[in-house]
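*Asks:* Sharing a structure with you now.
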Amino acid sequence: MSDIEIRRYEASDLDRCRALWAELTQQHREIYDDPSIGGDDPGMEFDGHLDRVGPERVWLAVVGDDVVGLTSLIQQGEEAEVEPVVVSSEHRGRRVGQILVGYAIEEAKKLGVLCLGVKPAARNQDAISFFYDAGFKTLGHIHMFMWLGESTPDMWKKGPELFGKTFDY
Ligand SMILES: CC(C)(COP(=O)(O)OP(=O)(O)OC[C@H]1O[C@@H](n2cnc3c(N)ncnc32)[C@H](O)[C@@H]1OP(=O)(O)O)[C@@H](O)C(=O)NCCC(=O)NCCS
């Protein structure tokens, strides 16, 4: 996509960013088959995220007047995380996401970040493949958990192997 511009978040982008955050939540609702994820108004979670990271660390992909994608950087000294990356569903598959991530990587370099990570949900295979293509090819911490709540037999999928152990995901 040639007419794409990346720019910093501005206050007038709030509603559009809430809508993109709702699309991010929708992705998680679909992969976990759980419409309750994110609550009644999931877009509002963007506001808390904006407070945490600050508007100077939120960047938008813009086509014409339309904000079609969002990313941001959570930095702690020499470590940082790109979180989230979301592209509006009708604009996916046209490299907008890769352009956004590439921008965040360059910003992280300017900030002196040495270790730049992403933490996609294990079930988000599209995102894992997307981030791998963007250059995130080294594994850091693995988040292992056990589910202590109520469960159904098909709640978890049989998943990938690591060091000879098979995990659910
Ligand atoms: C993941 C996401 C940001 C990718 O954005 P995008 O603009 O569609 O991605 P790109 O067009 O830049 O894709 C580049 C590569 O990523 C992979 N990819 C992206 N979306 C994919 C999909 N839906 N299915 C399979 N692979 C996909 C492909 O390998 C693709 O390579 P290709 O161009 O050779 O086909 C977008 O699909 C999205 O917003 N998803 C919902 C939110 C989400 O899950 N975010 C990630 C976790 S924070």
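*Asks:* Have a look at Phe167, Phe136, Phe145 and point out the one that is of a type outside the set (Lys, Arg), away from the ligand (no atom under 16 Å from the Cβ) and surrounded by 14 or more Cβ atoms within 10 Å (Cβ to Cβ).
*Replies:* So the residue among Phe167, Phe136, Phe145 that is of a type outside the set (Lys, Arg), away from the ligand (no atom under 16 Å from the Cβ) and surrounded by 14 or more Cβ atoms within 10 Å (Cβ to Cβ) is Phe167.
*Asks:* Please pick out the residue among Phe167, Phe136 that is modelled with pLDDT of 95 or more, closer than 19 Å to Ile74 by Cα and hydrophobic (A, V, I, L, M, F, W, C).
*Replies:* It is Phe136.
*Asks:* Answer with yes or no whether Val118 is touching an Asp or Glu at 6+ places or on another chain (Cβ under 7 Å) and either of a type in the set (Asp, Glu) or within 11 Å of the ligand (Cβ to nearest atom) (or both).
*Replies:* Answer is yes for this residue.
*Asks:* Let me ask something else about it. Looking only at residues that are within 12 Å of the ligand (Cβ to nearest atom) and not aliphatic (A, V, I, L, M) in region 64-83, which one is nearest to the chain's Cα centre (by Cα)?
*Replies:* Ranking the candidates gives Glu83 first.
For every residue, the table says whether it meets (1) surrounded by 14 or more Cβ atoms within 10 Å (Cβ to Cβ); (2) in contact (Cβ under 8 Å) with a residue 60 or more places away in the chain; (3) more than 22 Å from Gly117 (Cα to Cα); (4) within 12 Å of the ligand (Cβ to nearest atom).
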residue	(1), (2), (3), (4)
Asp13	yes, no, yes, no
His28	yes, yes, no, yes
Glu45	yes, no, no, no
Ser89	no, yes, yes, yes
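*Asks:* Does any residue of region 7-22 turn out to be more than 18 Å from Asp66 (Cα to Cα), of a type outside the set (Asp, Glu) and either assigned to a helix (DSSP H, G or I) or out of contact with any Cys (no Cβ under 8 Å at 6 or more places or on another chain) (or both)?
*Replies:* No, region 7-22 contains no residue that is more than 18 Å from Asp66 (Cα to Cα), of a type outside the set (Asp, Glu) and either assigned to a helix (DSSP H, G or I) or out of contact with any Cys (no Cβ under 8 Å at 6 or more places or on another chain) (or both).
*Asks:* For the subset of region 91-115 comprising residues that are charged (D, E, K, R) and touching a residue at least 12 places away in the same chain (Cβ under 8 Å), which member is farthest from Gly135 (Cα to Cα)?
*Replies:* Ranking the candidates gives Arg94 first.
*Asks:* I'd like to know if region 88-99 contains one or more residues that are among the β-branched types (Val, Ile, Thr) and assigned to a helix (DSSP H, G or I).
*Replies:* There is at least one residue in region 88-99 that is among the β-branched types (Val, Ile, Thr) and assigned to a helix (DSSP H, G or I).
*Asks:* Suppose the filter is in contact with a Ser or Thr (Cβ under 8 Å, 6 or more places away or on another chain) and either within 24 Å of Ser129 (Cα to Cα) or polar (S, T, N, Q) (or both); does Glu23 pass it?
*Replies:* Against the criterion (in contact with a Ser or Thr (Cβ under 8 Å, 6 or more places away or on another chain) and either within 24 Å of Ser129 (Cα to Cα) or polar (S, T, N, Q) (or both)), Glu23 qualifies.
*Asks:* In addition: Suppose the filter is buried (at least 17 other Cβ atoms within 10 Å of the Cβ), away from the ligand (no atom under 16 Å from the Cβ) and not hydrophobic (A, V, I, L, M, F, W, C); does Glu150 pass it?
*Replies:* no
Residue-wise test of (1) within 12 Å of the ligand (Cβ to nearest atom); (2) more than 30 Å from Gly159 (Cα to Cα); (3) assigned to a loop (DSSP other than H, G, I, E, B).
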| site | (1), (2), (3) |
| --- | --- |
| Val85 | yes, no, no |
| Val101 | yes, no, no |
| Ile105 | no, no, no |
| Ala108 | no, yes, no |
| Ala122 | yes, no, yes |
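*Asks:* Now a separate question. Looking only at region 11-47, how many residues end up being over 15 Å from the mean Cα position of the chain (by Cα) and not acidic (Asp, Glu)?
*Replies:* 10
The values are calculated or read from the model by the stated rules, or taken from the named source; none is laboratory data. Just so you know, these numbers come straight off a predicted model, no measurement behind them. Quick reminder, even Gly has a Cβ in these numbers, built from the backbone with ideal geometry, and neighbours come from all protein chains shown.
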